[in-house]
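What follows is a single structure, written as structure tokens, with notes after it.
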Amino acid sequence: MSLDFSTKIGTSRFNNPIFTASGCASSGKELSQFFDLKDLGAMVTKSIMLKPRLGRATPRMAETPSGMLNSIGLQGPGIDTFLENDLAWLHERSVRTIVSIAGETVEEFGQLARRLRSEGQRSGISAIEVNISCPNVENRGQVFACHTDTAAAVIENVRRNLAGEFPIVAKLTPDVTDIVSIAKSVIDAGADGLSLINTLLGMVIDTNTMRPKLAGKTGGLSGPAIRPIAVRAIYQVHQSFPNIPIVGMGGVSSGKDAFELILAGASAVSIGTASFGNPTAVMKVKDELANILQEKGFTDFRLAIGQAHKS
Ligand code: RRO
């Protein structure tokens, strides 16, 4: 039985719904040793800022019983080097690419959007992920996705500067009282899709040294521990906005896990932490998901989206 595995976000179409998660595979050079990046639905690059940035002090990774804490702090080469090296490398290889951006201010997001717009269609970009939910920033005021007004201000500025060149996907945090109200604010401001969810703010203390394990003290929790939270967030948002595509992520390491996020309402699923333990996890998830869909009798992937909402 043949399966139409394609999916859409705004005006962009993807051959399959399995993406990398931003920050977990840089710009794909390392993963390309293990599989052809063209087999991805999309490569979502590490959130890029205007200027080069070293990130937080080490140690900046810590294990937990069912997940991982990271405190990277937006390390990256800055937009100029990213465009010259990383994006050009991906484009040369015809990899479907979603560029993730992050700024310290609303204006910085707007400047990044303007820069990407000027690259235009020739850059091979399929969409822009606007990361307004990095947990490892100087203060919680910089987590724009914690408040409806700041979340909307960023998306509005990006929308104005992109002028319709690429679809906008807003990345939200579940560390809020009501994620549906944040989703509404960014959709009203012009987001074409949503990435759900970023990591949750956590902390690990070394009981031998009696001090936090991370130099930055707190970090973002990812991995299997957060999957039920991702499922809940996706379900709640899809219930309120069934026509807004959601890129789901959070603790997915199998086709079954991905299928769960799709049933909740995800139009695509990103694999993050699982790739650290198994660099071919993304391809494994893709193959397993295709098998599950076919076993369930689906001939069109898109008909599975949000099935858990049906009575
Ligand atoms: O760089 C990071 O520390 C980071 C980012 Br931008 C993010 O969005 N989520 C995360 O867990 N870490």
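If you sort Phe35, Phe276, Phe82 by accessible surface, 1.4 Å probe, largest first, the order is Phe276, Phe35, Phe82. Between Lys310 and Thr218, full extension at 0.36 nm per residue minus the direct alpha carbon distance yields a gain of 29.2 nm. Compactness check for the chain: Cα Rg over 2.2 N^0.38 Å is 0.93. Sorted from longest to shortest, the spans of the Cα atoms of the range 28-176 along the three principal axes equal 39, 37, 25 Å. Between Leu3 and Asn278, the modelled label-to-label distance comes to 1.6 nm, taking each label 7 Å out from Cα in the direction of the beta carbon. Quick one: of Lys256/Lys310; Lys29/Lys184; Lys184/Lys217; Lys8/Lys284, which pairs are farther than 24 Å apart, Cα to Cα? Table pairs above 24 Å Cα-Cα are Lys29/Lys184; Lys184/Lys217. Just for the range 5-106, what percent of DSSP beta bridges are antiparallel, to the closest 5? Just about 65 percent of them are antiparallel. Beta bridges from DSSP with both residues in the chain: antiparallel share about 40 percent, rounded to the nearest 5. For an R0 of 51 angstrom, estimate the FRET efficiency from the Cβ-Cβ distance between Asp80 and Arg232 and round to the nearest 0.05. It comes to 0.85. In the range 140-255, the DSSP beta bridges split such that about 50 percent are antiparallel, to the nearest 5. If the cut-off is a Cα-Cα distance under 20 Å, which aspartates and glutamates reach Lys286, setting aside same-chain residues fewer than 8 apart in sequence? By straight Cα distance, Lys286 reaches Asp4, Glu30, Asp36, Asp39, Asp257, Glu260, Glu295, Asp300. Here the chain is scanned for GluC sites (Glu not before Pro) in DSSP loops (not H, G, I, E, B) that have at most 13 other Cβ atoms within 10 Å, and the longest stretch holding none of them is 139-311. A viscosity of 1.306 mPa s and a temperature of 10 °C, combined with the Kirkwood radius over Cα pairs in Stokes-Einstein, give a translational diffusion coefficient for the range 17-106 of 113 µm²/s.
At a probe radius of 1.4 angstrom, the accessible area of the chain per residue rounds to 42 square angstrom. Computed from the Cβ-Cβ distance with R0 of 41 Å, the FRET efficiency linking Lys51 to Asp287 stands at 0.55. Using alpha carbon centroids, what distance separates the range 13-37 and the range 60-106, in Å? First find each Cα centre; the distance between them is then 12 Å. A Förster radius of 25 Å, combined with the Cβ-Cβ distance separating Ser181 from Ser26, puts the computed FRET efficiency at roughly 0.15. Taking the Cα centre of the range 268-307 as reference, the dipole from Cβ charges on Lys and Arg (+1) and Asp and Glu (-1) amounts to some 80 debye.
Grab the Cα-Cα distance for Asp300 and His91, subtract it from 0.36 nm times how many residues apart they are, and report the gain in nm with one decimal.
Working: separation 209, 0.36 × 209 = 75.24 nm, distance 2.83 nm.
Contour length minus Cα-Cα distance gives 72.4 nm.
Within the accessible surface of the chain, defined with a 1.4 Å probe on protein heavy atoms only, the carbon and sulfur portion equals 50 percent.
Test of understanding: what is the full-extension gain from Arg211 to Phe34, defined as 0.36 nm times their sequence separation minus their Cα-Cα distance?
Once the chain is fully extended between Arg211 and Phe34, it gains 59.9 nm.
The values are calculated or read from the model by the stated rules, or taken from the named source; none is laboratory data. In this text the structure is predicted, and so the values were computed from the model without any measurement. Glycine gets a Cβ as well: all are built from the backbone with ideal geometry, and neighbour counts include every protein chain shown. Note: areas computed on protein heavy atoms with side chains; ligands, DNA, RNA excluded. Shrake-Rupley method; radii C 1.70, N 1.55, O 1.52, S 1.80 Å.
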